[in-house]
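Reviewing the structure listed below.
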Amino acid sequence: MPHAAPSRLLGVLLAGGLSSRMGTPKALLPHPSGGTFLTHSLDRLRSVCEEEVAVSLASENHRVELQLPPSVPALFDSQPAQGPAVGVWVALQYAASSSFAGCLFTPVDLPNLLADDLLSLVHAWRESPGRIVLAQQAEPERLQPLVGIYPVDCVDQIQRVVESEHRSLYRTLQTTDHRTVAISRERLRNVNTPADLGPSFDNT
């Protein structure tokens with residue numbers, strides 16, 4: 001009897017932020033290994049999700065600004081400037097309508113994250129595909145709600161977050177069943193301001 005095909009995961013790059021503290025779109029920053037934060041992040045997701053990737057953006061204007069290739073689906077926030085939960089919700093709706101089992105999310109501003117880190121999340125999710133799987137920063141411990149896998153079955157739960165007053169994924173996930181995968185603090189370090197691009201910036 002043939003083995004069932006693994007459930008499909010959609011890789012979703014969260015790139016809908018305003019980059020106001022950086023002063024320029026973080027997605028277009030040059031990455032030390034070549035290309036931009038955008039191209040590096042997309043290649044990292046493609047290596048894990050077998051070319052099935054999409055980008056979450058604030059608007060069509062944002063897509064033009066980033067010069068996103070036409071071959072990459074763009075998912076636009078239904079409610080601009082309302083936080084990343086909206087991007088997660090829109091992506092889950094798209095994934096459900098396209099027969100994906102879940103979405104693997106990463107933000108565009110984590111230049112040190114590795115494909116191996118994402119594979120660790122995928123392995124944990126394959127063991128319990130009905131649960132949310134999230135990266136957890138080690139030393140000190142902190143949950144990372146934007147680095148993880150959300151099954152499409154939780155779309156209604158994320159909608160309630162979007163419609164709530166706080167719109168906080170982190171706050172909601174504190175009381176939601178999920179698995180965690182430990183990833184080092186350095187690999188989860190995000191870039192928010194020009195000062196974050198100092199000598200300590202490393203992708204080794």
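The values are calculated or read from the model by the stated rules, or taken from the named source; none is laboratory data. Just so we're clear, the structure is a prediction, and the values are computed from it rather than from any experiment. Please note: Cβ atoms are built from the backbone with ideal geometry, for glycine as well, and neighbour counts cover all protein chains shown.
What is the residue count in region 66-105 for residues that are assigned to a loop (DSSP other than H, G, I, E, B), without any contact (Cβ under 8 Å) to a residue 60 or more places away in the chain and either of a type in the set (Lys, Arg) or surrounded by fewer than 17 Cβ atoms within 10 Å (Cβ to Cβ) (or both)? Give the steps one after another, and end with the answer.
Pass one, region 66-105, residues assigned to a loop (DSSP other than H, G, I, E, B): 67-73, 77-83, 98-101.
So of that shortlist, the ones also without any contact (Cβ under 8 Å) to a residue 60 or more places away in the chain come out as 67-73, 78, 80.
If we keep only those that are either of a type in the set (Lys, Arg) or surrounded by fewer than 17 Cβ atoms within 10 Å (Cβ to Cβ) (or both) as well, we get 67, 69-73, 78, 80.
The qualifying residues number 8.
Looking at (1) assigned to a loop (DSSP other than H, G, I, E, B); (2) modelled with pLDDT under 80, can you tell me which one His62 breaks?
Just one mismatch for His62, condition (1).
Consider only pairs whose beta carbons are under 8 Å apart and that are at least six residues apart or on different chains; among these, list those whose first residue lies in region 165-182 and is more than 18 Å from Leu121 (Cα to Cα) and whose second residue is modelled with pLDDT under 85.
Qualifying pairs under 8 Å: Arg167/Gln82; Arg167/Gly83; Ser168/Gly83.
I want to confirm something. Restricting to region 150-183 and keeping residues that are aliphatic (A, V, I, L, M) and not in a strand (DSSP E or B), which single residue is surrounded by the most Cβ atoms within 10 Å (Cβ to Cβ)?
The initial filter retains those residues of region 150-183 that are aliphatic (A, V, I, L, M), namely 152, 155, 158, 161-162, 169, 173, 181-183.
Still in the running and not in a strand (DSSP E or B): 152, 155, 158, 161-162, 169, 173.
Working: Val152: 20, Val155: 18, Ile158: 21, Val161: 23, Val162: 19, Leu169: 25, Leu173: 18.
Here the answer is Leu169.
In the list Arg21, Arg8, which residue meets the criterion of being at pLDDT 85 or above and surrounded by fewer than 18 Cβ atoms within 10 Å (Cβ to Cβ)?
On the way: Arg21 fails: at pLDDT 85 or above.
Every option except Arg8 fails the conditions.
Quickly run through region 106-132 and pick out the residues that are crowded, with 23+ Cβ neighbours inside 10 Å and in a helix (DSSP H, G or I).
Leu118, Leu121, Trp125
Within the bounds of region 133-149, is there any residue that is surrounded by 13 or more Cβ atoms within 10 Å (Cβ to Cβ), of a type outside the set (Gly, Ala, Ser) and not in a strand (DSSP E or B)?
No: zero hits.
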